[in-house]
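The values are calculated or read from the model by the stated rules, or taken from the named source; none is laboratory data. What you see is a predicted model; the values in this text were computed from it and never measured. For neighbour counting, all protein chains shown are included, and Cβ atoms are generated from backbone atoms with ideal geometry for every residue, glycine included.
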Amino acid sequence: MVQNPQRTTVRGPTFIRLLARLANVDAPQSSPSLPDRLSQWLSWAHAIALSTALDSGPSAMNAGAPIFDSAAEEECARVHGALVQAIAGDRNVGLAGAAVDYKVFRQRYLTRQRAMMAATGNLRGRLRDMLAQTSVEMARLAEVDAVMELALSPREQQLLATVPALLGEHFERLRQAEQTLDTATPGAWLDVFRNDMQSVLLAELDVRFQPVEGLLAALRTS
């Protein structure tokens, strides 16, 4: 049976640990503090916008904005479940054998990334609208979240766009490893890769849903 290349154990979020394991690299066990990291990612314009959102009064409330209720929370759960099912449905992508091309998997990963980005962006905007109607403090929080999304999304997308390339390298390592082994189950490496790709997609989904879950938590307590 094909064995995965030796991987490094890395502390940190599941998504980072998975990528480090698949890339077989040493990741630093310590990282810059959150304020230091944000100072690198936020431009002066974003910093001013964030300061304004924190210090100024909230925008006028929109009487026609949706109100948070159980249906909104159920919709978030439904969207998350649909994305999980779509990822699980990719389990049989590609055919076993030496002729398998990573391009098929890369395109599928990109498709799932686009779906996750569109779905979470839509939910995040709707939840902010609901949050802004609950109280002055929560309206300010909604404005801060909007500024943070605008400021950090480009950096987030830039980083997440590197994942398909990392998976491509992992794909080639697994295929080459099988070619050097005498295995009774040719093509087993492809099952290993499919499982790894699914795990990475699910971990990325969790990362993308964190802002949504944060807004839901704020709405539950408002």
*asked:* I'd like to check something: does the stretch 159-175 contain any residue that is touching a Ser or Thr at 6+ places or on another chain (Cβ under 8 Å), among the β-branched types (Val, Ile, Thr) and either touching a residue at least 60 places away in the same chain (Cβ under 8 Å) or surrounded by 16 or more Cβ atoms within 10 Å (Cβ to Cβ) (or both)?
replied: no
*Odd one out for residue 105, checked against (1) surrounded by 12 or more Cβ atoms within 10 Å (Cβ to Cβ); (2) at pLDDT below 90*: (2)
*Return a yes/no flag: does the stretch 158-173 have any residue that is within 22 Å of the chain's Cα centre (by Cα), outside any helix (DSSP H, G or I) and closer than 20 Å to residue 22 by Cα.*
yes
